[in-house]
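Below is one structure, written out as structure tokens, with a few remarks after it.
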Amino acid sequence: MEIRNIAVVLTIDSVDPDLVALASDLARRHHASLTGVAAAEPPLVVMGMDGGAVAASVYAEQHAEIEASLAAAEASFATLVPPGVKHHWVGTIQRPDAAIIEIARTVDLIIVGATDQKPQIGRAVDVDAVLLGAGRPVLVAAAGTRKLKASKIVVAWKDTKEARRAVMDALPLLKAADDVSLVVVDEGNLATERASMLDAVAWLQSHDVKAHGDVLPDIGGVAQTILQAVMTEGADLVVSGAYGHSRLREWLLGGMTRDLLATHGVSRLFSN
């Protein structure tokens with residue numbers, strides 16, 4: 001796999017210059033095109049029996065406001081992308097996660113910004129939904145990071161289809177790294193865990209990745225153990241499978257994935 005098309009997800013209320021800088025730098029390094037994506041939809045207006053006209057008027061006003069915000073976001077994005085990076089814009093009036101999942105078929109990598117805020121209905125990106133619905137790797141960039149060095153990468157390995165997919169999707173970044181540490185958290189079956197880790201390391205090395213691996217004792221949960229490895233290695237990127245499923249149309253993520261999403265100071269690449 002090669003990274004030739006990157007989408008960076010922006011909000012219509014505030015285009016993050018750090019996020020655009022990071023995405024632009026990755027696009028330049030991988031000779032990729034960059035698509036800025038933003039979407040929002042008016043919130044549902046609930047009125048009484050006689051409020052139809054008022055609801056329609058409110059909806060029209062909100063629709064016009066979103067159109068104006070999308071135009072402003074497009075102009076800001078075009079200004080922030082440096083010369084030499086091929087780019088274009090997609091701005092739509094629809095639920096943001098639905099817009100991203102729709103455009104995912106045209107890109108190799110989706111980049112979103114980290115946030116502690118709960119998604120604002122109709123405007124903010126529901127990262128959970130994107131992770132489990134896009135079918136593409138999703139890079140959650142650490143807040144305030146203008147460049148993803150990715151010279152040292154930690155891979156959170158477990159012998160699952162999600163982890164295998166993540167390693168495959170991250171291969172262009174892994175091959176460019178100076179050091180890749182593939183770590184397994186001991187869950188009580190050391191021989192099997194070590195064997196799968198060694199196989200994964202050998203596979204990476206066959207693709208010219210400077211990889212090594214280890215099985216680590218659990219120091220307070222899988223995510224905490226992985227993050228300790230990140231600090232030890234001095235890495236700025238974690239590669240992990242995104243574990244979850246849908247139930248009653250709500251996306252539910254597993255504990256390790258959610259803990260990694262809540263982490264600050266390191267970028268995370270997820271595949272599902």
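The table for this structure:
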item	result
From the options GLU187, GLU162, GLU193, residue that is under 16 Å from the mean Cα position of the chain (by Cα) and among the acidic types (Asp, Glu)	GLU162
Residue that is over 26 Å from MET1 (Cβ atoms), surrounded by 12 or more Cβ atoms within 10 Å (Cβ to Cβ) and either touching a residue at least 24 places away in the same chain (Cβ under 8 Å) or not assigned by TED's automatic domain parsing to the domain that holds LYS161 (or both), where the choices are VAL209, VAL222, VAL184	VAL222
Tally, over the stretch 202-218, of residues that are assigned to a loop (DSSP other than H, G, I, E, B) and not β-branched (Val, Ile, Thr)	5
Qualifying positions in the stretch 150-163 - out of contact with any Phe, Trp or Tyr (no Cβ under 7 Å at 6 or more places or on another chain) and either closer than 17 Å to ILE226 by Cα or buried (at least 18 other Cβ atoms within 10 Å of the Cβ) (or both)	ALA150, LYS152, ILE153, VAL154, VAL155, ALA156, TRP157, LYS158, ASP159, THR160
Residue selected from the stretch 154-184 under the condition of a type in the set (Asp, Glu) and not in a strand (DSSP E or B), by the criterion farthest from LYS210 (Cα to Cα)	GLU162
Qualifying position, being out of contact with any strand residue (DSSP E or B) (no Cβ under 9 Å at 6 or more places or on another chain), modelled with pLDDT of 90 or more and among the small types (Gly, Ala, Ser), among ALA53, ALA99, ALA60, ALA72	ALA72
Count of residues meeting criterion [in a helix (DSSP H, G or I) and either within 14 Å of SER240 (Cα to Cα) or among the hydrophobic types (A, V, I, L, M, F, W, C) (or both)] in the stretch 185-201	7
Residues of the stretch 85-112 satisfying the condition of being buried (at least 17 other Cβ atoms within 10 Å of the Cβ), in a loop (DSSP other than H, G, I, E, B) and among the charged types (D, E, K, R)	ARG95, ASP108
Per-region count, the stretch 1-50, residues touching a Phe, Trp or Tyr at 6+ places or on another chain (Cβ under 6 Å) and modelled with pLDDT of 95 or more	1
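The values are calculated or read from the model by the stated rules, or taken from the named source; none is laboratory data. Please read these numbers as outputs of a predicted model, since none were measured by experiment. Cβ sites come from the backbone with ideal geometry, for glycine too, and all protein chains shown count toward neighbours.
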